[in-house]
Amino acid sequence: MSNRHLKAVLRNERLAERDRIPAERRLEYSLAMADHAGDDIAFEPGTIVSGFFPIRSEVDIRPLMARLKDRGARLCVPVVLDRQTIAFRELVAGAELVDTGFGTRGPGPDAAVLDPEILLVPLSAFDSQGHRIGYGAGHYDRAIARLRQKGLDPRLIGIAFDCQEVAEVPAEAHDVRLEAILTESGLKTFSAP
């Protein structure tokens, strides 16, 4: 079985497992994550942090984003520009939200485009080594590569539920390892490869 096919199988299995979590429990887990990591993610005031608005059965990290903002983070969220590209637009109080692709909403084209220093990364599956499987479009891999081409090295923190962990993600050369993973059980940091 090819890595691509195995990733697709793992993605589908873990997303189906995530979908089985009742909505009320997902909310409880999301609030627990804000409690676990709201103070544990270290950064200086003014640090640019990319979050995301949840789609489908994803973790709702809006409570976590509010905690980080209260600690001085400058927030942004990804918007889909085209099939290959996402940009990170600044999220400010009172700004109008528009459709931004993949069934989510975010700041419109007038919002500032920022280069995140910390990315809270949605995913479909992860393993104990910090490897992740996204949703298959490669948006985050390409966005991270663009940031690194600019000489930036953003911290990557995966966001998932415990049930999305797998024994091993088949890693490929273009895949980017996470620094940490946040689940309802807490924030776990991965050691350097």
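Within the stretch 145-175, if we keep just the residues that are within 26 Å of residue 114 (Cα to Cα) and either open to solvent by less than 20 Å² (accessible area, probe 1.4 Å) or aromatic (Phe, Trp, Tyr) (or both), the residue that is farthest from the chain's Cα centre (by Cα) turns out to be 147. The single condition from (1) farther than 16 Å from residue 140 by Cβ; (2) open to solvent by 10 Å² or more (accessible area, probe 1.4 Å); (3) more than 16 Å from the chain's Cα centre (by Cα) that residue 107 fails is (2). Scanning the stretch 76-98 for residues that are closer than 17 Å to residue 58 by Cβ and either modelled with pLDDT under 85 or crowded, with 21+ Cβ neighbours inside 10 Å (or both) yields a total of 5. Residues satisfying the criterion are present in the stretch 34-52 (criterion: in contact with a Phe, Trp or Tyr (Cβ under 6 Å, 6 or more places away or on another chain) and under 18 Å from residue 121 (Cβ atoms)).
The values are calculated or read from the model by the stated rules, or taken from the named source; none is laboratory data. For clarity, every value in this text was computed on a predicted model and none was experimentally measured. Note that each Cβ is placed from the backbone with ideal geometry, even for glycine, and that neighbours are counted across all protein chains shown. For accessibility, only protein heavy atoms count, side chains too; no ligands or nucleic acids. Shrake-Rupley method; radii C 1.70, N 1.55, O 1.52, S 1.80 Å.
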